[in-house]
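In what follows, a structure is listed as structure tokens, so that the remarks can point back to it.
Derivation of every value follows stated rules applied to the coordinates shown; laboratory data play no part. Quantities reported herein were computed from a predicted structural model and do not represent experimental measurements. Methodologically, a virtual Cβ is constructed for each residue, glycine included, from the backbone with ideal geometry; neighbour enumeration extends over all protein chains shown.
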Amino acid sequence: MSPHADIVEEMNRLMDAAQEQKLRLRLIGGLAIKVHSPSANHRALQRSYPDIDLIIPKRDKRKLEIFFSRMGYLPEKTFNLLNGDRRQIFYDAETGRRIDVFVGDFEMCHKLPMRDRLDAHPVTVPLAELFLSKIQIVELNRKDALDIISLLLDNEVGHTDAGINIDRIARLCLQDWGLYKTLTITLCKVEAILVDDNPGLDAEQQQRVLERLDTIRRVLDRVRKPILWKMRDKVGTRLRWYTEVEEVNR
């Protein structure tokens, strides 16, 4: 079974096959945002998608190699041997396209626990985790900022998983001061892009995103902080608060 040349068609092929085989693969990253955000097709927010990012429960990791072999992909054997408990990579030899699969939790600059969170949506991780997976990037690039803007443009900030669940975001930020710190920094970066370097949104769209950014900021400012969190806050950025992420090259 050969992979499709079009990455969106390929994403749909993989997710359909995973559902048929009752494999709890879920999308994360830019393509997951595209599922929830029609604005990702807006001329100002469009971008290319070189890879497909996924996450799977730890108990299902042994099924990955068989599944992707059937779907036409090869394992990155050395990487998977060394890192297979938390991340595995598969690739299409013909196109070079990469499938990046996080196992159990999402771990990059910060760790996002995913236990009991992969059933909120049948195709992607929940919107709160999807938002955090982008906002946790310390070295934010423009495409990731556009993804955040797309997500906020099309999805309400609320108190359930039907939207971007601010209660879930607040809970994780209270457990991890570093995640909170990166989030506040990244919110400012996204806001600066909208105000100083608007990618092409009209006034109403720009205001909607700014209001949702402000909602997140206000909720996190008001929430009661635990003592250990306050102690870490006093140390601040004198100590590194995030994990440095190395690029994975084949």
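The count of lysine pairs in the range 7-238 whose Cα atoms are under 16 Å apart, excluding pairs fewer than 8 places apart on the same chain, comes to 19. Between D6 and I66, the simple spin-label model (points 7 angstrom out along Cα→Cβ) gives 3.2 nm. The separation of the range 198-245 from the range 162-179, counted between C-alpha centres, amounts to 10 Å. Modelled spin labels at R171 and T184, positioned 7 Å past Cα toward Cβ, are 2.3 nm from each other.
Please work out the Cα center distance from the range 25-44 to the range 95-161, rounded to the nearest Å. One Cα centre to the other: 10 Å.
Multiplying the residue separation of T160 and M108 by 0.36 nm and subtracting their alpha-carbon distance yields 16.2 nm. Put in order of Cβ neighbour count within 10 Å, fewest first, the listed residues D16, D51, D116, D92 become D116, D16, D51, D92.
DSSP bridge analysis restricted to the chain gives an antiparallel fraction near 55%, rounded to the nearest 5. Helix 166-175 and the longest principal axis of the C-alpha atoms of the chain enclose an angle of approximately 90°. Note on Q19 and E246: with the Förster distance fixed at 41 Å, the Cβ-Cβ geometry gives a FRET efficiency of about 0.80. Report the residue, chosen from E129, E156, E139, that carries the largest GNM mean-square fluctuation when the chain is represented by alpha-carbon nodes joined by springs under 10 Å. Checking each option, the largest mean-square fluctuation is seen for E139.
For the range 118-155, backbone nitrogen atoms closer than 19 Å to the point 7 Å from E211 Cα along Cα-to-C-beta are found at 149-155.
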